[in-house]
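The values are calculated or read from the model by the stated rules, or taken from the named source; none is laboratory data. Keep in mind that this is a model prediction, so the values were computed, not measured. Here Cβ is always computed from backbone atoms with ideal geometry, including for glycine, and neighbour counts include all displayed protein chains. SASA here: full protein model, heavy atoms, side chains in, ligands and nucleic acids out. Shrake-Rupley method; radii C 1.70, N 1.55, O 1.52, S 1.80 Å.
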Amino acid sequence: MSEKNVIKRAIFPGSFDPMTNGHLDIIKRSLSLFDEIIIAVLNNPEKNPMFSVEERCSMISEILPEIEDGKCNLVVDSFSGLTADFARNTRSVAIIRGIRAVADYEYELRMALMNRRLEPEIETVFLMAAEEYSYVSSNLMKQVFTLGGRVEGLIPRLVEAKMKEKLSTDEHR
Ligand code: PNS
């Protein structure tokens, strides 16, 4: 039997700049569906992210133990290039994406169909985030936090601490 048949592996790709409680909620919901999930952090320096890909991976690795269930193996990795290629190269059977509201649907549908065209055997699995996170996005969190608004409960505590650190070092530059 090939490894593909033994381990049901999925990737959860994204920018994760930074990870929010909405992302964590999607990972939690995926735990019972797969044997292994690779949180696949896109290396996208051209987007001028707040956190480097290394910082994002390291934060996620520190946060994941909070939700681990002991059955599904959670792995953090970064990638460049096409998500479909990364999914194939890691022998994943699925690409996990979260949908918050109708507004996400069109973009996600286009990506899922394109990824299916590129890799017909890999399915995109959409999961609905909890209602309380339906408006939470990394960009909104960064904007509100940077302007002094409260974001607790919407992002992991570690992310909040790292954003605070990042802002104070930026201010002293
Ligand atoms: O967290 P995001 O920014 O919504 O994630 C978007 C992501 C990383 C999944 C998407 O931009 C992506 O897949 N980028 C890699 C390049 C690629 O495969 N593009 C074609 C997608 S159909």
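Determine whether Y105 is over 20 Å from N44 (Cβ atoms), touching a Lys or Arg at 6+ places or on another chain (Cβ under 9 Å) and within 16 Å of the ligand (Cβ to nearest atom). Even if it seems obvious, please write down each step before you answer.
Details: over 20 Å from N44 (Cβ atoms): yes; touching a Lys or Arg at 6+ places or on another chain (Cβ under 9 Å): no; within 16 Å of the ligand (Cβ to nearest atom): yes.
Spelling it out, it is not the case that Y105 is over 20 Å from N44 (Cβ atoms), touching a Lys or Arg at 6+ places or on another chain (Cβ under 9 Å) and within 16 Å of the ligand (Cβ to nearest atom).
Identify, please: which residue in region 3-23 is within 11 Å of the ligand (Cβ to nearest atom) and open to solvent by 20 Å² or more (accessible area, probe 1.4 Å) and is, among those, farthest from K166 (Cα to Cα)?
H23
In region 3-51, what residues are more than 22 Å from L154 (Cα to Cα) and polar (S, T, N, Q)?
Residues of region 3-51 more than 22 Å from L154 (Cα to Cα): 3-11, 32-38, 43-48.
Answer for region 3-51, where residues must be more than 22 Å from L154 (Cα to Cα) and polar (S, T, N, Q): N5, S32, N43, N44, N48.
Going residue by residue through region 64-80, is there one that turns out to be touching a residue at least 60 places away in the same chain (Cβ under 8 Å) and either in a loop (DSSP other than H, G, I, E, B) or at positive phi (or both)?
no
How about region 82-93: which of its residues are outside any helix (DSSP H, G or I) and touching a Leu at 6+ places or on another chain (Cβ under 9 Å)?
L82
Is it the case that region 6-20 has a residue that's of a type outside the set (A, V, I, L, M, F, W, C) and assigned to a helix (DSSP H, G or I)? Let's see the steps before the verdict.
Kept after step one, since they are of a type outside the set (A, V, I, L, M, F, W, C), are these residues of region 6-20: 8-9, 13-15, 17-18, 20.
Next, from what is left, pick out any that are assigned to a helix (DSSP H, G or I): none.
No, region 6-20 contains no residue that is of a type outside the set (A, V, I, L, M, F, W, C) and assigned to a helix (DSSP H, G or I).
Among the residues of region 24-51, write down those that are in a helix (DSSP H, G or I) and open to solvent by less than 40 Å² (accessible area, probe 1.4 Å). Give the derivation first.
We begin by selecting, within region 24-51, every residue in a helix (DSSP H, G or I); these are 24-30, 45-47.
L24, D25, I26, I27, S30 - these are the residues of region 24-51 that are in a helix (DSSP H, G or I) and open to solvent by less than 40 Å² (accessible area, probe 1.4 Å).
Looking at region 41-61, I want the residues that are in contact (Cβ under 8 Å) with a residue 24 or more places away in the chain and have a partner that is outside any loop (DSSP other than H, G, I, E, B) and open to solvent by 60 Å² or more (accessible area, probe 1.4 Å) with Cβ atoms under 9 Å, at least 6 apart or on another chain. Which pairs are those?
Partner pairs satisfying both residue conditions: V41/D77; P49/E55; M50/T146; F51/K162; V53/P45; E55/K162; M59/K162.
Restricting attention to region 52-100, and to residues there that are closer than 18 Å to L158 by Cα and within 13 Å of the ligand (Cβ to nearest atom), which single residue is surrounded by the most Cβ atoms within 10 Å (Cβ to Cβ)?
The selected residue is R56.
Among the numbered criteria (1) open to solvent by less than 30 Å² (accessible area, probe 1.4 Å); (2) farther than 16 Å from G22 by Cβ; (3) part of a helix (DSSP H, G or I), which single criterion is violated by E106?
Exception for E106: condition (1).
Looking at region 115-142 only, could you name the residues that are in a loop (DSSP other than H, G, I, E, B), open to solvent by 100 Å² or more (accessible area, probe 1.4 Å) and among the charged types (D, E, K, R)? So that I can check it myself, show each step before the final result.
Our first condition is that a residue be in a loop (DSSP other than H, G, I, E, B); within region 115-142, this holds for 119-122, 129-130, 134-137.
Of the ones still in play, those that are also open to solvent by 100 Å² or more (accessible area, probe 1.4 Å) are 121, 135.
Within region 115-142, E121 is the sole residue that qualifies.
Of all residues in region 146-159 being out of contact with any Pro (no Cβ under 9 Å at 6 or more places or on another chain) and closer than 18 Å to Y135 by Cβ, which is least open to solvent (accessible area, probe 1.4 Å)?
Step by step, filter region 146-159, then rank; the result is V151.
Could you please let me know if A112 is crowded, with 20+ Cβ neighbours inside 10 Å and over 22 Å from K142 (Cα atoms)? Even if it seems obvious, please write down each step before you answer.
Values: crowded, with 20+ Cβ neighbours inside 10 Å: no; over 22 Å from K142 (Cα atoms): yes.
Judged against the criteria, A112 is not a match.
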